[in-house]
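Okay, structure first, notes after.
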Amino acid sequence: MDLPLLSALFTAFALSLYVLLDGFDLGVGAILLVQPDEELRDRMVDSITPTWDGNETWLIMAGVALLAGFPIAYGILLPAFYLPLIIMLLALGLRGVSFEFRVQTVQWRRVWDVAFGLGSILAAMMQGLIVGGLIAGVSVDNERFTGSVFDVFQPFALLTALAMLAGYVVLGAGWLHLKATFQLRKFAERALRLATPVFVALAIAVCVAAAFVQPGIRATWMDHYLLLTLIAVLFFGVAGGLISLIGDSDAGPFASGICLFALGVIGLGCAIFPDIVPFRLSLWAAASATLSHVFLLVGAVVVTPVVLGYSAFAYRVFRGKIPEKGWET
């Protein structure tokens, strides 16, 4: 049994679930900034209140899996992305503080809403910056990071950060389209019609630019052009379907947004596999001792069903449209 491969699949699984689940509440937070009506802002926050903290559990699980299963990769990637990681964690902390404080005040609620929105945007962009930095590649010599912490702040990574933010806005607007009624649903429809073409355009730009900044991506395109072309065609097909579903289907836009991100994750996985540090180090070269993988996978088997069960329970309990007076009613 290939334990490093199983550990890598679990790490990718946890990270993918984080992107899909926390992505929509980051998107809701981002577009909170452009919602002028206080009552509608309250309903936007109500839509994510029961589940947003549980969504972030997957980020912790992915980080623990990377550390336990691939300590060499962890030792390379952590210093390479110190700055965006610290900013992302501070931004997520700001979101948490804003979330609690906005409920306790009326006079300063708009201030905390702005803080919540800025925290959401910063967290989303830092995640995109890290993905862009990974694709562009980090400087490695003798299994050590040899670059600067400022290397990640490059045009390609910034382009990827904008694409990530636009994608999260699509997910967030899709979530509101599913959960909201009347004015808030119309607001979500306008956001979807604006953000979806922007996301698709930025995704195209990232894919094209990646082939120029990273020779490994260019080689992967040449080696697996049929598979990657199929993923790209599906991506654009789903994006077109998402736009056509706006206004007609409650769940269609959100489901399409999830599919878009899933296709992006699959495409990225196909492009960098079998590397854990893209185009620098394979997952087997970075793997820890066999016993560490055994502990990691046993823990994953025990913990994952619990977290999945809790998440499924929370989403089931708080299913349906947002109540007019919040979930307390």
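The values are calculated or read from the model by the stated rules, or taken from the named source; none is laboratory data. Computed from a predicted structure; not experimentally measured. FYI the Cβ positions are ideal-geometry reconstructions off the backbone, even for glycines, and counts take in every protein chain you see. Please note that ligands, DNA and RNA were not included when accessible areas were found on the heavy atoms of the full protein model with its side chains. Shrake-Rupley method; radii C 1.70, N 1.55, O 1.52, S 1.80 Å.
How large is the dipole of the stretch 1-152 about the Cα centre if only Lys and Arg carry +1 and Asp and Glu carry -1, each at its Cβ, rounded to the nearest 20 debye? Mind dumping the intermediate values first?
Details: 7 positive and 15 negative charges, 40 e Å.
Using Cβ point charges on Lys, Arg, Asp and Glu, the stretch 1-152 gives about 200 debye.
Here the Kirkwood formula puts the hydrodynamic radius of the stretch 171-285 at 15.5 Å, using every distinct Cα pair.
Suppose every K and R has +1 on its Cβ and every D and E has -1 on its Cβ; what is the size of the dipole of the stretch 156-260 about the Cα centre, in Debye to the nearest 20? Walk me through the numbers before you get to the answer.
Details: 6 positive and 4 negative charges, 52 e Å.
Result for the stretch 156-260 is approximately 240 debye, rounded to the nearest 20.
Measuring how big the stretch 69-227 is from its alpha-carbon positions, Rg and Dmax come out at 18.8, 59 Å. Between Phe13 and Arg185, what FRET efficiency comes out of the Förster formula 1/(1 + (r/R0)^6) with R0 = 51 Å and r the beta carbon distance, rounded to 0.05? Using R0 = 51 Å, I get an efficiency of 0.95.
Taking 0.36 nm per residue of sequence separation and subtracting the Cα-Cα distance, how much length would be gained by fully extending the chain between Val97 and Leu234, in nm to one decimal? Please report the intermediate quantities before stating the final value.
On the way: separation 137, 0.36 × 137 = 49.32 nm, distance 3.92 nm.
The Val97-Leu234 span can extend by a further 45.4 nm.
Summed over the residues of the stretch 228-321 and divided among them, the accessible surface reaches 51 Å² per residue at a probe radius of 1.4 Å. Surface calculation, 1.4 Å probe, protein heavy atoms: Trp284 sits at approximately 110 Å² accessible. Here, P(r) means the percent of Cα pairs in each 10 Å bin from 0 to the largest distance; for the stretch 1-81 it is 17, 35, 25, 16, 7, 1. For the stretch 15-153, the ratio of Cα radius of gyration to the globular rule of thumb 2.2 N^0.38 Å stands at 1.18. FRET efficiency for the Phe295 to Arg193 pair, using the beta carbon distance and R₀ = 45 Å, is estimated at 0.40. Just name one of Phe187, Tyr225, Ile246: the one whose Cα is farthest towards the positive end of the charge dipole of the stretch 176-259 (beta-carbon charges, Lys/Arg +1, Asp/Glu -1). The residue sitting farthest along the positive end of the dipole is Phe187.
Top to bottom by accessible area (1.4 Å), largest first, where do Glu189, Glu100, Glu56 land?
Working: Glu189 15, Glu100 105, Glu56 35 Å².
Descending order: Glu100, Glu56, Glu189.
Applying 1/(1 + (r/R0)^6) with R0 = 30 Å to the Cβ-Cβ distance of Asp37 and Ala201, what FRET efficiency is obtained, to the nearest 0.05? Once rounded, the FRET efficiency stands at 0.55. For the peptides 85-91, 14-20, 167-173, residues were scored by their other Cβ atoms within 10 Å and the scores averaged per peptide; the highest-first order is 167-173, 14-20, 85-91.
Accessible surface for the stretch 95-188, divided over its residues, is 43 Å² per residue with a 1.4 Å probe. When the charge dipole of the stretch 78-150 is built from unit charges on Cβ atoms (+1 for Lys and Arg, -1 for Asp and Glu) and taken about the Cα centre, the candidate among Ile130, Thr146, Gly119 whose Cα reaches farthest toward its positive end is Gly119.
Of all the accessible heavy-atom surface of the chain, with the other protein chains kept in place and a 1.4 Å probe, what percent is carbon and sulfur? Here it works out to 73 percent.
Using 20 Å as the cut-off for backbone N distance, which residues of the stretch 11-29 belong to the label zone defined by a point 7 Å from the Cα of Asp250 along Cα→Cβ? Under 20 Å, as judged by backbone N against the label point of Asp250, lie 24-25, 28 of the stretch 11-29. Based on C-alpha pairs under 8 angstrom that are at least 6 apart in sequence, the stretch 1-77 has a relative contact order of 49 percent.
Shape class of the stretch 157-226 from the alpha-carbon gyration tensor: prolate, with a/c at 1.5 or above and a/b greater than b/c.
In this view, the solvent-accessible surface of Thr290, computed with a 1.4 Å probe and all protein chains in place, comes to about 90 Å².
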